[in-house]
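Here the structure is laid out as structure tokens; the discussion comes afterwards.
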Amino acid sequence: MGVYCLSGRKDRGKKTVVGVHWATHTGCGSVQDEEDAIDDEEVLLRRIPTRPDFMNPAAGSRPSRMAFRPREDDQTGLSVFRERYISAVDLCRNSEGKRFYVARFLARDIRAVGMDVRPRRNGPKPGHAEIISLTFENRKDDKSETWQIFMARELEMDVVGPHP
């Protein structure tokens, strides 16, 4: 059994619905709470550009480590999204017509190697979170590079797409 859940955000005390998704859980509520803890069994999504240096299907079904390397706007953590609030297709929707792959993985697998993930509202899409162990500042550190390689080569994941 499932339910339709409304995803949204609060702006100046007003609730704004920004999406609807089908879910098998019953407790997501009508508005994402930034304090809503991320469960170990929760599915996380990472949007991956279709550029060959990020994901090259001809070379295999896994993204490269570049897909998990923090960019300049990842100051407080590597951006991911929570599937309980946004689907892979909705995550990829954009006004530029760009296409993206989406990596799907569990929070527990990130935590099992010493990384942490926390909810952090950012932008118009619901369900934003960050892997706070990976930041733009530490992206070249040995430990950070080891985690990027782990995510690219060993993290259990599904990759879907590309989606517009």
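Quick one: what are the phi-derived ³J(HN,Hα) couplings along the range 103-118, Karplus 6.51/-1.76/1.60 with θ = phi - 60°, whole Hz, x for glycine and proline?
8, 10, 8, 8, 4, 4, 6, 6, 5, 4, 9, x, 8, 10, 10, 9
Expressed as a rounded percentage, what relative contact order does the range 44-96 have, with Cα pairs under 8 Å and six or more residues apart? Kindly include the intermediate steps, with their values, before the conclusion.
Details: 41 pairs, mean separation 19.9, N = 53.
In percent, rounded to a whole number, it is 38.
Could you rank the peptides 45-56, 74-85 by their average count of other C-beta atoms within 10 Å per residue, with the highest value first?
74-85, 45-56
Charges only on Cβ, +1 for Lys and Arg, -1 for Asp and Glu: so what's the dipole of the range 41-164 about the Cα centre, in debye to the nearest 20?
Working: 23 positive and 19 negative charges, 59 e Å.
So the magnitude is around 280 debye.
Under 14 Å from the Cβ of K140, count the other residues' Cβ atoms, weight Lys and Arg +1, Asp and Glu -1, and hand me the total.
On the way: positive: R65, R69, R71, R139, K143; negative: E72, D74, E137, D141, D142, E145.
After counting each charged neighbour, the total is -1.
Each value in this text was obtained by applying a stated rule to the coordinates, not by laboratory testing. Values in this document were obtained by computation on a predicted structure and should not be read as measured data. Here Cβ is always computed from backbone atoms with ideal geometry, including for glycine, and neighbour counts include all displayed protein chains.
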